[in-house]
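Engineer: Here it is, the structure in full.
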Amino acid sequence: MKLSEFLLICDVCNADPVQTLRDIIREAARLQAEAEAREREAQHQVDIDALADRIAAHPEEFDLAANDDPNKENEMTTPRE
């Protein structure tokens, strides 16, 4: 948008061009901060489909040690102290 068009719109709307421009800059900064926050949050989220595919492809990496423990039956019956 040209500056002359912006000033004409402000004049027609009886808006202060300086304050309107400040409002636009403030809103743009807020939207930018929101977008950056969403991007940071998205980077921290786990890709469930990729994790499920990895588990399916390599289940041995995700076995529980108790499943392979030769003493697991004995330890299940041992009272806790």
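Please treat every number below as a calculation from the coordinates, not as lab data. Because the structure is a prediction, the values reported are computed rather than measured. When we count neighbours, we look across all protein chains shown, and the Cβ atoms used for this are built from the backbone with ideal geometry, even at glycine.
Engineer: Specify which labelled value, from (1) 7.4; (2) 6.4; (3) 12.8, agrees with mean projected area of the Cα convex hull in nm² derived from the coordinates of the model shown.
Structural biologist: (3)
Engineer: Roughly how many nanometres apart are two label points built 7 Å out from the Cα toward the Cβ at R30 and A42?
Structural biologist: 2.2 nm
Engineer: Counting helices only, and only those DSSP H runs with n ≥ 4, report the 222 nm mean residue ellipticity of the chain as the sum of -39,500 (n - 2.57) divided by its residues, in deg cm²/dmol to the nearest 500.
Structural biologist: Helices in the chain give a 222 nm mean residue ellipticity of -22000 deg cm²/dmol.
Engineer: Separate question: If you fit an axis through the alpha-carbon atoms of helix 48-57 and take the longest principal axis of the Cα set of the chain, what angle between them do you get, 0 to 90°, nearest 10?
Structural biologist: 30 degrees
Engineer: Taking only Cα atoms, what is the 0 to 90° angle, nearest 10, from helix 3-12's long axis to the longest principal axis of the chain?
Structural biologist: Approximately 80 degrees, to the nearest 10.
Engineer: Hey, another quick one. Exactly which trypsin sites (Lys or Arg not before Pro) in the chain are in a DSSP loop and have at most 13 other Cβ atoms within 10 Å?
Structural biologist: K2, R80
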